[in-house]
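The values are calculated or read from the model by the stated rules, or taken from the named source; none is laboratory data. Not measured: the values here are computed from a predicted model. Positions of Cβ are backbone-derived with ideal geometry, glycine not excepted, and every protein chain shown enters the neighbour counts.
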Amino acid sequence: MTLTVRALRADDPRDAEAVAIVRRATVPYLVCTAETLGWEVAHAPAGQRLRWIVAERPDGTVAGCADAGLVAGSTEPGQGFLHTAVPPGTSGQGVGSALVAAGEAYLAGIGVRRVHSWVAGDDRAGGFAGRRGYARSRQARFLGLDLRRGALPRLPEPLPAGVTLHRVAEFAEDLRPLYEADVECAADEPGDVSVGRTPYDEWLRHNWQRPDWDLELSSVVLVDGQVAAYSVAQTDGVERYWSAMTGTRRTFRGRGLARLAKLAALRRARAAGYAHAYTGNDATNAPMLAVNRRLGYAEVATEWRCIKQL
């Protein structure tokens with residue numbers, strides 16, 4: 001099949017919609033809309049050097065896509081990422097190979113020496129990555145929960161002494177306390193790349209100003225007035241809910257506060273009409289895996305972080 005590999009047309013909504021459809025078909029657990037995709041293209045950090053790549057068939061339809069760039073905030077030079085998406089049932093047509101070649105050429109041109117990619121946990125995807133020099137590093141798990149049929153636990157009544165539940169929207173005028181909690185929790189996340197502290201303005205711009213992050217559904221737990229735990233809600237505005245990040249500050253861990261924050265967010269999401277909830281965890285993150293299973297989540301897929309030296 002003859003393919004045209006080109007950059008995403010950022011000013012063409014039809015291009016963004018076609019790429020979003022491919023992404024949803026390939027990784028149905030993530031939230032991806034044309035609006036959010038367009039926003040990411042327009043507002044990606046300049047230092048990330050983000051580029052979206054499209055593989056187009058002769059009839060003009062999008063057969064696959066990829067996003068590539070520098071790992072934002074990395075303290076190690078030459079760290080890049082490349083994620084490809086080719087819908088199920090269309091393998092073997094050269095789409096993935098064309099996207100990987102274009103993505104690696106772009107990354108090499110901007111000085112990347114080490115490429116990080118998330119690859120589906122099945123043998124077909126693993127074999128494709130392995131043949132192109134990508135070695136497995138760490139595993140992650142996608143977990144799903146049917147909000148229409150799942151029996152969510154009740155919120156505890158009363159809450160423990162000194163503990164209060166809030167929506168992130170209540171902090172909209174000053175999200176700095178949440179920022180401090182997020183920076184601390186993110187530093188403890190398992191990963192392959194060391195990332196420095198993100199400045200507050202940048203964190204605000206590239207997180208809470210996203211069109212798919214919901215301040216009304218996202219939860220914050222205070223203990224004696226301090227931010228102790230939180231759970232961020234990301235949605236497609238229709239039926240799909242993704243837990244973008246759930247964390248507890250170090251001094252408050254072991255008290256069930258992450259579960260409390262996430263449960264409150266899930267219950268609000270169900271009340272708002274969302275049907276499908278998904279989340280993801282590193283396979284070594286036993287505490288959050290346990291929290292999610294207690295909430296009723298079940299594993300729906302796995303993926304691997306794969307790394308290649310350019």
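Given the structure, is Arg24 of a type in the set (Lys, Arg), within 28 Å of Ser243 (Cβ to Cβ) and not assigned by TED's automatic domain parsing to the domain that holds Gln234? Don't jump to the end; show me each part of the working.
Numbers: of a type in the set (Lys, Arg): yes; within 28 Å of Ser243 (Cβ to Cβ): yes; not assigned by TED's automatic domain parsing to the domain that holds Gln234: yes.
Yes.
Residues of region 229-263 being polar (S, T, N, Q), free of Cβ contacts under 8 Å to residues at least 40 places away in the same chain and in contact with a Gly (Cβ under 9 Å, 6 or more places away or on another chain), which ones?
Ser231, Ser243 - these are the residues of region 229-263 that are polar (S, T, N, Q), free of Cβ contacts under 8 Å to residues at least 40 places away in the same chain and in contact with a Gly (Cβ under 9 Å, 6 or more places away or on another chain).
Please determine whether any residue of region 242-249 is crowded, with 17+ Cβ neighbours inside 10 Å and in a loop (DSSP other than H, G, I, E, B).
yes
Mind telling me which of the residues Ala42, Ala10 ends up being among the aliphatic types (A, V, I, L, M), in contact with a Gly (Cβ under 9 Å, 6 or more places away or on another chain) and surrounded by fewer than 18 Cβ atoms within 10 Å (Cβ to Cβ)? First the steps, then the outcome.
Values: Ala42 fails: in contact with a Gly (Cβ under 9 Å, 6 or more places away or on another chain).
One residue alone meets the criteria, Ala10.
Starting from residues that are surrounded by fewer than 22 Cβ atoms within 10 Å (Cβ to Cβ) and touching a residue at least 40 places away in the same chain (Cβ under 8 Å), keep the ones in region 86-97 and report whichever is nearest to the chain's Cα centre (by Cα). Let's see the steps before the verdict.
Of all residues in region 86-97, those surrounded by fewer than 22 Cβ atoms within 10 Å (Cβ to Cβ) come to 87-94, 97.
Filter once more, keeping what is touching a residue at least 40 places away in the same chain (Cβ under 8 Å): 87-88, 93-94.
Values: Pro87: 19, Pro88: 20, Gln93: 28, Gly94: 27 Å.
For region 86-97, the residue satisfying everything is Pro87.
What residue, among those in region 106-124 that are modelled with pLDDT under 95 and part of a helix (DSSP H, G or I), is nearest to Ile53 (Cα to Cα)?
My answer is Arg124.
Among what's in region 142-184 and is of a type in the set (Phe, Trp, Tyr) and touching a helix residue (DSSP H, G or I) at 6+ places or on another chain (Cβ under 7 Å), pick the residue that is nearest to Ser218 (Cα to Cα).
Let us first name the residues in region 142-184 that are of a type in the set (Phe, Trp, Tyr), namely 142, 171, 179.
Narrowing further to those that are touching a helix residue (DSSP H, G or I) at 6+ places or on another chain (Cβ under 7 Å): 171, 179.
Details: Phe171: 11, Tyr179: 14 Å.
Out of the qualifying residues, it is Phe171.
Considering only region 250-283, how many residues are outside any helix (DSSP H, G or I) and either more than 26 Å from Arg24 (Cα to Cα) or basic (Lys, Arg) (or both)? Steps first, answer last, please.
Quick first cut of region 250-283, residues outside any helix (DSSP H, G or I) only: 253-256, 272-283.
After this cut, where a residue has to be either more than 26 Å from Arg24 (Cα to Cα) or basic (Lys, Arg) (or both) as well, the list is 253-256.
Matching residues across region 250-283 total 4.
Is it the case that Arg205 is basic (Lys, Arg), touching a Ser or Thr at 6+ places or on another chain (Cβ under 8 Å) and either closer than 24 Å to Gly80 by Cβ or buried (at least 16 other Cβ atoms within 10 Å of the Cβ) (or both)? Steps first, answer last, please.
Details: basic (Lys, Arg): yes; touching a Ser or Thr at 6+ places or on another chain (Cβ under 8 Å): no; either closer than 24 Å to Gly80 by Cβ or buried (at least 16 other Cβ atoms within 10 Å of the Cβ) (or both): yes.
So Arg205 does not fit the description; no.
How about region 277-304: which of its residues are of a type in the set (D, E, K, R) and surrounded by fewer than 20 Cβ atoms within 10 Å (Cβ to Cβ)? Let's see the steps before the verdict.
First pass over region 277-304, keeping only residues of a type in the set (D, E, K, R): 282, 293-294, 299, 303.
Scanning region 277-304 gives Asp282, Arg293, Arg294, Glu299.
Kindly indicate which of Leu217, Leu165 is at pLDDT 95 or above and part of a loop (DSSP other than H, G, I, E, B).
On the way: Leu165 fails: part of a loop (DSSP other than H, G, I, E, B).
Going through Leu217, Leu165 in turn, just one is at pLDDT 95 or above and part of a loop (DSSP other than H, G, I, E, B): Leu217.
Against the definition (within 19 Å of the chain's Cα centre (by Cα), in a loop (DSSP other than H, G, I, E, B) and on the phi > 0 side of the Ramachandran plot), how does Gly237 come out, yes or no? Outline the logic, then answer.
Values: within 19 Å of the chain's Cα centre (by Cα): yes; in a loop (DSSP other than H, G, I, E, B): yes; on the phi > 0 side of the Ramachandran plot: yes.
Yes.
Taking the condition of being surrounded by 15 or more Cβ atoms within 10 Å (Cβ to Cβ) and out of contact with any strand residue (DSSP E or B) (no Cβ under 7 Å at 6 or more places or on another chain), how many residues in region 138-178 meet it?
3
Determine which member of the set Leu82, Leu37, Leu30 is outside any helix (DSSP H, G or I) and closer than 29 Å to Tyr274 by Cα.
On the way: Leu82 fails: closer than 29 Å to Tyr274 by Cα; Leu37 fails: outside any helix (DSSP H, G or I).
None of the others qualify; the one that does is Leu30.
Only one residue in Gly127, Gly69, Gly103, Gly96 is in a helix (DSSP H, G or I), outside the structural domain of Val193 (by TED's automatic domain parsing) and in contact with a Phe, Trp or Tyr (Cβ under 7 Å, 6 or more places away or on another chain), so which one is that?
Testing whether each residue is in a helix (DSSP H, G or I), outside the structural domain of Val193 (by TED's automatic domain parsing) and in contact with a Phe, Trp or Tyr (Cβ under 7 Å, 6 or more places away or on another chain) leaves just Gly96.
Need the failing condition index for Arg250 against (1) under 18 Å from the mean Cα position of the chain (by Cα); (2) modelled with pLDDT of 95 or more, just the number.
Answer for Arg250: the failing condition is (1).
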